[in-house]
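Participant: Below you'll find the structure I mean.
The values are calculated or read from the model by the stated rules, or taken from the named source; none is laboratory data. Because the structure is a prediction, the values reported are computed rather than measured. Virtual Cβ from ideal backbone geometry, glycine too; neighbours counted across all protein chains shown.
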Amino acid sequence: MTEYYDALETRDPAARETQLMAALPVQVAHAQKAAPAFGAILAGLQARDVMSRQALARLPVTRKHELQARQQAARGTDVFGGFSTLLRGPKMPRIFSSPGPIYEPEGTAPDYWRAARALFAAGFRAGDLAHNAFSYHMTPGAFIMESGAHAIGCSVFPAGVGQTEQQLQAIAELRPEAYMGTPSFLRILVEKALETGSDISSLRKGLTGGEALPPSLRDWFAGHGLAVYQSYATADLGLIAYETSAREGLVLDEGVIVEIVRPGTGEPVPEGEVGELVVTTLNPDYPLIRFGTGDLSAILPGACPTGRTNTRIKGWMGRADQTTKIRGMFVHPGQVADITRRFPEVLKARLVVTGEMASDSMTLKVEASAMPQGLESRISEAIRDVTKLRGNVELMAPGSLPNDGKVIEDARSYK
């Protein structure tokens, strides 16, 4: 497929960056003024100064647990904790609940979560009937996809989850061309159809989300006549990235600014290094600034062979929250960052926990640009100062640690 959803996808990368950085201070100022939570988080900040990625990187990262805490603290007055700029009524047609619970507002903008771009890249076109097997219960997953399909011009069958036999009957009789839902449920449908002889041959394409789509499962679908693509979206941010026919990573959406930071910090990592995805959305109704997704990924070099010019990421590579309990004390990635920041020689560090539960030890493996006398002992003192635990130090040459985003590795035996 060589068609594009709109001209934004093939913009000159420098023009895209200029336009995003021009929109950034406007969104920051709007969040400060209209979203009380960011009025507090960004208090004293001059929004007009946030006109570059370097300036953005100096702002605090807000993570999901902080959003939830603010929501819980304001339950009696504002269930959104001051993050939404909308009031209940015509401009907020739906409110959703994600596990936590965390409440998310829906605005009235067409294709509110911007899912149409991902669906179009997966081959969805006007006139298609899309079988939507995301849940229509409490969470927004089904509505994220449905609104995107409507923006393209598709009709939608709101199948939801479960009731496999009834869903197979609907597919056989309605003859939808496309599937939206989790890859695991699509596999259940295909396997059940093979077992029962149900005709689902109309299904030729799909966009999945909510779970990883490994190449082996993608190939299995292809073997059954289904071209299935994956998307990366959240209830807070909407679409973040999507797969194209090139099958080389995920292309970033045009409505977000994405950074990859070292887990537990807000510090951007070098391009290609695995870190936590931090996203700033340009949605005026829910203006999340430097929102930490908790997911790991990395920038993929080069441009998408389809001609789309936006940055690509490698896809979901695990979770960034590696908090670990050691000798009765919780140690989290932010503490490792606190230790390494004290030493300019330290380039990268990884805390490895070994032994058995209740009888464990930890070693901070450190890549250092230089190894002056006494560095090892000074780092050891910092470990105890920050974590209140004793730890060993192993100095290593630059490039020695794996590029997998792990800041804390739990290598203990749990037998």
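Participant: Can you list the strands (runs of 3 or more DSSP E) found entirely within the range 339-402 that contain at least 2 residues being within 17 Å of R262 (Cα to Cα)?
Facilitator: 346-356, 359-368
Participant: Still on this structure, please answer the following. Mind listing whichever residues of the range 12-32 are out of contact with any Phe, Trp or Tyr (no Cβ under 8 Å at 6 or more places or on another chain) and free of Cβ contacts under 8 Å to residues at least 40 places away in the same chain?
Facilitator: Result: A14, A15, E17, T18, Q19, M21, A22, P25, V26, A29.
Participant: Continuing with the same structure: I'm trying to understand the selection: among the residues of the range 299-313, which are farther than 14 Å from I257 by Cα, of a type in the set (V, I, T) and either in contact with an Asp or Glu (Cβ under 8 Å, 6 or more places away or on another chain) or assigned to a strand (DSSP E or B) (or both)?
Facilitator: Result: T309, single match.
Participant: Between a first residue in the range 329-358 that is assigned by TED's automatic domain parsing to the domain that holds P270 and over 16 Å from R390 (Cα atoms) and a second residue that is surrounded by 19 or more Cβ atoms within 10 Å (Cβ to Cβ) and not aromatic (F, W, Y), which pairs have beta carbons less than 7 Å apart while being 6 or more apart in sequence or on different chains?
Facilitator: none
Participant: Answer yes if at least one residue in the range 389-400 is at pLDDT 85 or above, touching a strand residue (DSSP E or B) at 6+ places or on another chain (Cβ under 6 Å), surrounded by 18 or more Cβ atoms within 10 Å (Cβ to Cβ) and not basic (K, R), and no otherwise.
Facilitator: yes
Participant: Here is a follow-up. Tell me yes or no: at least one residue of the range 151-173 is over 28 Å from P101 (Cβ atoms), of a type in the set (D, E) and in contact (Cβ under 8 Å) with a residue 12 or more places away in the chain.
Facilitator: Looking through the range 151-173, at least one residue is over 28 Å from P101 (Cβ atoms), of a type in the set (D, E) and in contact (Cβ under 8 Å) with a residue 12 or more places away in the chain.
Participant: If you don't mind, there's one more thing I want to ask. Looking only at the range 54-89, how many residues end up being in contact with a helix residue (DSSP H, G or I) (Cβ under 9 Å, 6 or more places away or on another chain) and among the β-branched types (V, I, T)?
Facilitator: Total meeting the criteria: 3.
Participant: Kindly provide the set of residues from the range 262-282 that are surrounded by fewer than 20 Cβ atoms within 10 Å (Cβ to Cβ) and in a strand (DSSP E or B), ordered by number.
Facilitator: Of everything in the range 262-282, just one residue is surrounded by fewer than 20 Cβ atoms within 10 Å (Cβ to Cβ) and in a strand (DSSP E or B), namely P268.
Participant: Residue pairs, Cβ under 6 Å, 6 or more apart or interchain, first in the range 48-68 and assigned by TED's automatic domain parsing to the domain that holds G264 and buried (at least 17 other Cβ atoms within 10 Å of the Cβ), second β-branched (V, I, T) and modelled with pLDDT under 95. List them.
Facilitator: Taking only residues 6 or more apart or on different chains, the pairs are Q68/I102.
Participant: Suppose we keep only residues that are in contact (Cβ under 8 Å) with a residue 40 or more places away in the chain and of a type in the set (A, V, I, L, M) within the range 106-128. Which one would you say is farthest from G209 (Cα to Cα)?
Facilitator: So, considering only residues that are in contact (Cβ under 8 Å) with a residue 40 or more places away in the chain and of a type in the set (A, V, I, L, M), the one farthest from G209 (Cα to Cα) is A109.
Participant: Then there's this: Applying the selection to the range 33-42, what residues are in contact (Cβ under 8 Å) with a residue 12 or more places away in the chain and surrounded by fewer than 17 Cβ atoms within 10 Å (Cβ to Cβ)?
Facilitator: Scanning the range 33-42 gives A34, G39, A40.
Participant: I'd like the full set of residues that are over 20 Å from E106 (Cβ atoms), in contact with a Ser or Thr (Cβ under 9 Å, 6 or more places away or on another chain) and outside any loop (DSSP other than H, G, I, E, B), limited to the range 283-298.
Facilitator: Listed by number, the residues that qualify are G292, D295.
Participant: Which one of the conditions (1) assigned to a helix (DSSP H, G or I); (2) surrounded by 15 or more Cβ atoms within 10 Å (Cβ to Cβ) does S198 fail to meet, given that it meets all the rest?
Facilitator: (1)
Participant: What pairs can you find where one residue is in the range 129-148 and surrounded by fewer than 21 Cβ atoms within 10 Å (Cβ to Cβ), the other is polar (S, T, N, Q) and modelled with pLDDT of 95 or more, and their Cβ atoms are less than 6 Å apart, with a gap of 6+ or different chains?
Facilitator: L129/S155
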